[in-house]
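J.: Below is the structure I would like to discuss, written out as structure tokens.
Rule-based calculations on the coordinates, nothing more; no lab input. On a predicted model such as this, the values are computed, not experimentally measured, just so you know. Cβ placement follows ideal geometry from the backbone for every residue including glycine, while neighbour counts extend to all protein chains displayed.
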Amino acid sequence: IHVLLDGFIGPDGLPPQDAPQAVRSDIQEFFREYDFELYNRAYSQYHATEDSLTRAFNFTSDDANLFTKSFLLHENFSINENRYFEFLHKRGYTINIYQSESVDFCKAAPEAIGRCMIYTIPNLKTVRDNVPTALLRLKILVSNLFNQSFLIGQFLSSKNWLLSWGVTLYQPRALEELGNDLEDTRSGAYFAHLLLPHAPFVYTQDCQPDYSSESWERFPARPLMGNAAEIRAVRYLRYLDQVSCALGELGRLFDRLRVSGLYDEATIVVHGDHGSRISLLEPSWSNRHKLTPEDYRDMYSTLFAIKLPDGGYREHTEPVALNVLMSRAAMKISGKDRMDPELIEPSEEMPFIYLSGQSPLRRQDIDIFAKP
């Protein structure tokens, strides 16, 4: 079982204030309760979903071939090569995918895919039931109509007053469907990409959508990076609620698997793709002399946890890149003690990340968790 939580910052990436640190303890306690190995200092070398996942699922930190969206109407981001899925398929797994429209995992390794569930949200009923005013409902629906088209989106990119209202939300039915399919087959591989705790931050701690908050209406999803300090503080409080929501949803799935007798024998991977991205500055090359340690952690710290059959809780404190952790996870799934020839682990040199605004990219050697 593989769950990708979009925008989930790692425990050691959370800000030092009381509220984030309380959630840090909740994260650690959650994974302790469910017998995971937790990597407190996991990080992505990229702050963008497409680049991070393209590298992670192919076990590489390649600085070339930046991921780009196809210039076609209704064309979604897609992971077109996926060595991780191919690796699982060669070992007899049929992969069932539960994903949003934001990133397409079903195009890669089509021979390995058993089911591809794509959920679309928001829909008319969701917006009608949860958005408090007619004007706000209209903004959301119109902006999502425009966001369906990349070309129109490019043409109207300067119209932030319109496009910033675009939302893609978590769909609870994804984990429900995953649980149903797993209980029916009791075998196979199950992959879910959940848009939690990703912006816009409309969910309460118990996963109820709340569009009434002034903080959400004033600070929509885009732009998310480059916040004034007071806006960053407000956004983080909303973000932390969605972290709690995400843990609650995972807990309900795991408890269901315990009742069905599947939990102990399951291998479960849970991770993010980048940090919260609620930073004071954008992680651009031009800002490299201004970026603070917190800016780096907001962008690049991410969650990674893995549960093995009959495993126990353990915390790892070393900084490890996401692509390296994906390679290690594949090795553990294969049940081998030594590295498989197909899984050439990226070099674990000095921790490094890539800043945006460079062509070609240049690595920035930095341990984002080091004390300033």
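J.: For a Förster distance of 22 Å, can you work out the FRET efficiency between the beta-carbons of S102 and D365, rounded to the nearest 0.05?
T.: The pair S102/D365 has a calculated efficiency of 0.10.
J.: Stretched out fully, how many nm does the piece from T94 to D184 gain, at 0.36 nm a residue minus the Cα gap? Let's see the in-between values first.
T.: Numbers: separation 90, 0.36 × 90 = 32.40 nm, distance 1.41 nm.
Fully extending the segment from T94 to D184 adds 31.0 nm.
J.: For L182, what is the net charge nearby, where nearby means another residue's Cβ is under 12 Å from its Cβ and Lys, Arg count +1, Asp, Glu -1?
T.: Working: positive: R115, R186, R256; negative: E176, E177, D181, E183, D184, E265.
So the surrounding residues net to -3.
J.: Could you compute the net charge surrounding T302? Neighbours are other residues with a C-beta less than 12 Å from the C-beta of T302; K and R count +1, D and E count -1. Before the final figure, lay out each step's value.
T.: Values: positive: R41, R277, R297; negative: D6, D12, D273, D298.
For residues surrounding T302, the net value is -1.
J.: Peptides 107-113, 298-304, 285-291, 190-196: what's the order by average Cβ count within 10 Å, highest mean first? Intermediate values should be presented prior to the final figure.
T.: Numbers: 107-113: 15.7, 298-304: 29.0, 285-291: 13.6, 190-196: 23.9.
Result, highest mean Cβ count within 10 Å first: 298-304, 190-196, 107-113, 285-291.
J.: Fully extended, how many nm does the chain gain between R314 and N80 (0.36 nm per residue separation, minus their Cα-Cα distance)? Could the numbers behind the result be given before it?
T.: Details: separation 234, 0.36 × 234 = 84.24 nm, distance 3.39 nm.
That pair, R314 and N80, stretches by 80.9 nm at full extension.
J.: If you don't mind, there's one more thing I want to ask. Using a 7 Å offset from the Cα along the Cα-to-Cβ direction at both M117 and L136, what is the distance between the two label points in nm, to one decimal?
T.: Going from the M117 label point to the L136 one covers 2.9 nm.
J.: Now for a separate question. What is the packing order of peptides 22-29, 199-206, taking the mean over residues of other C-beta atoms within 10 Å and listing the highest first? Please report the intermediate quantities before stating the final value.
T.: Working: 22-29: 16.4, 199-206: 19.6.
Final packing ranking: 199-206, 22-29.
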